[in-house]
Amino acid sequence: MEIDQKLKVLSNMIADTDFSKIDFGFIDFENTDENIKIKKKQIYLDFNCVIPSEDQASDSIIEQLEIAIQILINQGYTFIVYCYDETQHDFCKKFVEVFKNEAIIYVKQNKKGKREFRNFIESGLAIVMSDQFLFIALLCGKPFVALQMNEEISNKLVSINENFFINSNELNAGSIVGKIKNISVSYEVREKQISLIFEERESLYENTNNKTRINGETDITVDLPDQMIGKNDDFRLWQQKIIENIQTLIEQGLLIEAKEIVNEYEKINTDDIEIFAIKGVITMMEGNLDESESLFKQGLDIDANHFDLNFNMGYLYSLKEEKDTARSYYEKAQCNAKTKSELNEVTIIIREL
């Protein structure tokens with residue numbers, strides 16, 4: 001979908017916003033290399049804050065942002081800081097100088113904006129502090145963490161509110177770091193969530209044959225005749241379909257809906273090992289790696305040769321940057337691959353570790 005078409009979608013969703021006041025000249029896909037490599041640990045910071053001496057609330061925001069950035073720098077992240085508001089350039093520059101670290105740099109505004117846009121596109125995600133860059137991130141499909149946003153806007157973007165926005169009463173260093181880590185763990189899913197904003201769809205899933213339903217109102221039920229459970233091929237087909245639908249919801253970033261289906265499914269089928277893999281992925285995407293590890297290990301205690309569980313454990317340990325442990329799980333998955341595509345995927349990952 002072209003930028004102008006996306007803008008129309010946003011205008012319809014957020015009708016109260018005057019988009020004529022937003023400068024979209026920053027966006028410059030025409031002069032940007034399509035093959036730019038995304039730097040997952042580079043964060044683009046849209047610095048836009050009321051100068052602390054003028055607003056007590058901003059003192060707290062700046063303080064918490066400083067703490068969060070220092071934590072993330074210690075974890076290997078880098079920052080490019082850009083300030084669109086000319087009146088804040090000096091303050092922004094001083095904010096960056098506080099860190100005395102090459103991992104965070106201040107980029108001076110360029111009237112043409114080409115260099116800044118390239119930096120923005122290269123960055124894995126953005127921290128946005130203005131409506132201007134919130135809309136730019138949405139239009140460009142860039143995962144972001146939004147601070148001090150107008151709550152009327154975030155409430156209208158309900159499908160992404162939970163994963164991308166931090167309300168003013170929840171804004172602290174921990175919530176900033178948590179949101180960023182959550183996006184890093186489930187990057188492709190978060191990209192997909194943004195793209196779905198611009199896709200017209202009547203429902204996510206509806207299947208009247210087995211009475212399992214997920215729609216725009218999150219009306220979820222799982223109902224199965226008792227005589228079918230565990231006794232014939234119909235049950236296995238039903239089981240497969242439910243798992244597929246849960247996986248679809250996860251891929252779309254709809255974790256709440258996925259968990260509701262999982263909970264209903266577990267009431268009917270209590271011994272499906274796939275549930276450990278699915279619940280582990282959900283908790284991983286929520287940023288709870290310890291719980292994910294526990295769930296994957298519970299599944300492996302039942303079946304030590306399960307491909308998905310070993311693969312997911314490899315991915316989890318790669319996120320923790322424990323490469324030797326990650327490799328051992330990936331190699332176990334490699335030995336238990338059931339399809340050529342599974343074998344190829346895990347072989348490439350092992351080669352790149």
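The values are calculated or read from the model by the stated rules, or taken from the named source; none is laboratory data. In this text the structure is predicted, and so the values were computed from the model without any measurement. For neighbour counting, all protein chains shown are included, and Cβ atoms are generated from backbone atoms with ideal geometry for every residue, glycine included.
Given the criterion touching a residue at least 24 places away in the same chain (Cβ under 8 Å), surrounded by fewer than 21 Cβ atoms within 10 Å (Cβ to Cβ) and not assigned by TED's automatic domain parsing to the domain that holds Gln75, identify the matching residue among Gly287, Gly314. Let's see the steps before the verdict.
Details: Gly314 fails: surrounded by fewer than 21 Cβ atoms within 10 Å (Cβ to Cβ).
Gly287 is the lone residue from the list that is touching a residue at least 24 places away in the same chain (Cβ under 8 Å), surrounded by fewer than 21 Cβ atoms within 10 Å (Cβ to Cβ) and not assigned by TED's automatic domain parsing to the domain that holds Gln75.
State the number of residues belonging to the range 215-274 that are at pLDDT below 60 and touching a Lys or Arg at 6+ places or on another chain (Cβ under 7 Å).
Restricting attention to the range 215-274, the residues satisfying the condition of being at pLDDT below 60 are 215-233.
Still in the running and touching a Lys or Arg at 6+ places or on another chain (Cβ under 7 Å): 219-221, 223.
Qualifying residue count, the range 215-274: 4.
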Step by step: first the residues of the range 158-191, then only those that are at pLDDT 80 or above and outside any helix (DSSP H, G or I), then the one that is surrounded by the fewest Cβ atoms within 10 Å (Cβ to Cβ). Which residue is that? Asn167
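Pick from Ala337, Ala326, Ala333: which is in contact with a helix residue (DSSP H, G or I) (Cβ under 6 Å, 6 or more places away or on another chain), at pLDDT 90 or above and not in a helix (DSSP H, G or I)? Give the derivation first.
On the way: Ala326 fails: not in a helix (DSSP H, G or I); Ala333 fails: not in a helix (DSSP H, G or I).
After applying the criteria, what remains is Ala337.
Among the candidates Glu244, Glu257, Glu266, which residue alone is touching a strand residue (DSSP E or B) at 6+ places or on another chain (Cβ under 7 Å), of a type outside the set (Gly, Ala, Ser), within 26 Å of Ser159 (Cβ to Cβ) and without any contact (Cβ under 8 Å) to a residue 60 or more places away in the chain? Steps first, answer last, please.
Working: Glu244 fails: touching a strand residue (DSSP E or B) at 6+ places or on another chain (Cβ under 7 Å); Glu266 fails: touching a strand residue (DSSP E or B) at 6+ places or on another chain (Cβ under 7 Å).
Step by step, each of Glu244, Glu257, Glu266 is checked, and only Glu257 is touching a strand residue (DSSP E or B) at 6+ places or on another chain (Cβ under 7 Å), of a type outside the set (Gly, Ala, Ser), within 26 Å of Ser159 (Cβ to Cβ) and without any contact (Cβ under 8 Å) to a residue 60 or more places away in the chain.
Are any residues in the range 305-349 hydrophobic (A, V, I, L, M, F, W, C) and within 19 Å of Asp290 (Cα to Cα), and if so, which ones? Before you say what the answer is, go through the steps one by one.
Applying the first criterion (hydrophobic (A, V, I, L, M, F, W, C)) to the range 305-349 yields 307, 309, 311, 313, 316, 319, 326, 333, 335, 337, 343, 346, 348-349.
Across the range 305-349, the qualifying residues are Leu309, Phe311, Met313, Leu316, Leu319, Ala326.
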Checking the structure you have, find out if any residue of the range 7-28 is at pLDDT 85 or above, assigned by TED's automatic domain parsing to the domain that holds Gly141, under 21 Å from the mean Cα position of the chain (by Cα) and under 19 Å from Ala126 (Cβ atoms). no
When you look at Lys320, is it under 19 Å from Tyr187 (Cα atoms) and out of contact with any helix residue (DSSP H, G or I) (no Cβ under 6 Å at 6 or more places or on another chain), yes or no? yes
Any residue at all in the range 105-113 that is crowded, with 18+ Cβ neighbours inside 10 Å, under 30 Å from Leu289 (Cα atoms) and touching a helix residue (DSSP H, G or I) at 6+ places or on another chain (Cβ under 9 Å)? no
